[in-house]
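This report concerns only the one structure given below.
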Amino acid sequence: MHSLSMSSENNNISFDIRDHNTRMDIKNQNKTDNDFTVTPWEVDGNVDYNKLINKFGTFAITNEIIEKIKNITGEVHPLLKNRYFFSHRDLDWILNEYQKGNKFYLYTGRGPSGLIHLGHLMPWLFTKYLQDRFDVKLIFQITDDEKFLFNDGKDLETINKFTIENILDIIAIGFDPNKTKIIVDTKHINYLYPLAIEIAKKITFSTAKAVFGFSNSSNIGMIGFPPIQSAPCFLPSLIEKKSTPVLIPAAIDQDPYWRITRDIAEKIGYYKPAQIHSKFIPGLANSGKMSSSKPETALFTIDDPENLEKKVQNSFTGGQPTVALQRKLGGNADICPVYWYLNYLFDSEDQSIERYSNCTGGNLLCGECKGDLIKKVKPFMNNIQLKREKAKDKVKDYMIDGKDIDN
Ligand code: TYM
């Protein structure tokens, strides 16, 4: 085992590089800290977001930035106010450009490895707010190639089924069809390939190894993939025929892609893409983010009401083992997924403050919070399910080539 280090942006990153073959090795090589891991393929442990800002070399969202957004849009989204979106790169720059009349594009995406859960919806709901408030265009990439290459167990046919299912969820969010283009990598690679090879030519294998943990025995599709996820950062400049800023809303797990993209952007004549990073929605179990690879810990958009209720009732909480102890010692809201789902999506700021103090003061039992969540999450998912049905007739309005995905 030896150690490689590279300088990326204002941050030094060093990783142990080992000569093994599996995705698990890549995850382990990218351990960001002794007790938590954040990579594009795995998030585990209790993530310390302040430490991540330092490790990844990003910047905390400040009150000044929030004020600026408020001045431009007239409101601040609750997920920004409560710092669910907590970190950024060049967001201040992109807002300045916008105020000068240089409009940005939004770019976000999905790797279709399974069904859509609450965690995936978070960046997309926020992206819709940005699209509406800033009146900007959106590129939405579906990296079906990534999910094929990085998952030993998934064939293209299965991934294709998830691609179609996931597109219904994306449309159900309500993005403006006139301002949104979905790119499915295996179907629309012609839009990305010229950019991808320009990017690929500027990134050495040594950099890719240091950032993503590739090894000699990684399959070469994996090694070649990152420029495909970088390419949409520059596509708006080709579409608009002028340098066009791009803002990427996503959870912070995707950051390694943006680090390598930013490193090469100016070398090939484009603006560095800006990012706004979110935290993760925890899973229903007691550790890790909500993930479709652990379906029992996730609330899916297609879950029926009974299933949602059952999952919430079985959820881990920050509660004490008995009612008497809960009344005496209070619960631990900080580690409770039920508290966080309510905080991020359903409670007002005041309700959440009250819930926190009642829980930690022993005046609220876990059953009551679970009941509140069940009451909110059932109609929330039902609404998405109705919109998914309607989305079936709208797919071609969103695709970059204007064609249905099956054709
Ligand atoms: P994927 O499919 O893993 O995730 C899709 C989006 O959801 C975010 N996310 C979460 N956010 C909060 N809590 C969670 N538990 C949670 N799980 C996932 C991810 O950060 C992501 O924003 N390679 C990408 C696809 C992609 C992409 C992009 C994503 C291509 N281009 C541009 C963001 C921006 C992927 O597999 O995402």
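The values are calculated or read from the model by the stated rules, or taken from the named source; none is laboratory data. Keep in mind the model is a prediction, meaning the values are calculated, not measured. Positions of Cβ are generated from backbone atoms using ideal geometry, with glycine treated the same way; all protein chains shown enter the neighbour counts.
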Item checked: Filter result for Thr317 (touching a Lys or Arg at 6+ places or on another chain (Cβ under 8 Å), β-branched (Val, Ile, Thr) and within 15 Å of the ligand (Cβ to nearest atom)) -> no
In the set Phe234, Phe212, Phe225, the lone residue that is over 18 Å from Thr37 (Cα atoms), within 12 Å of the ligand (Cβ to nearest atom) and among the aromatic types (Phe, Trp, Tyr) is Phe225
- [ ] Would you check if there is a residue in region 240-256 being within 16 Å of the ligand (Cβ to nearest atom) and farther than 27 Å from Asn96 by Cβ?
- [x] yes
So the helices (runs of 4 or more DSSP H) completely within region 292-351 holding 1 or more residues that are surrounded by fewer than 19 Cβ atoms within 10 Å (Cβ to Cβ) are 305-313, 323-329
Of the residues in region 288-308, those that are of a type in the set (Ser, Thr, Tyr) and either modelled with pLDDT under 95 or within 11 Å of the ligand (Cβ to nearest atom) (or both) come to Ser291, Ser292, Ser293, Thr297
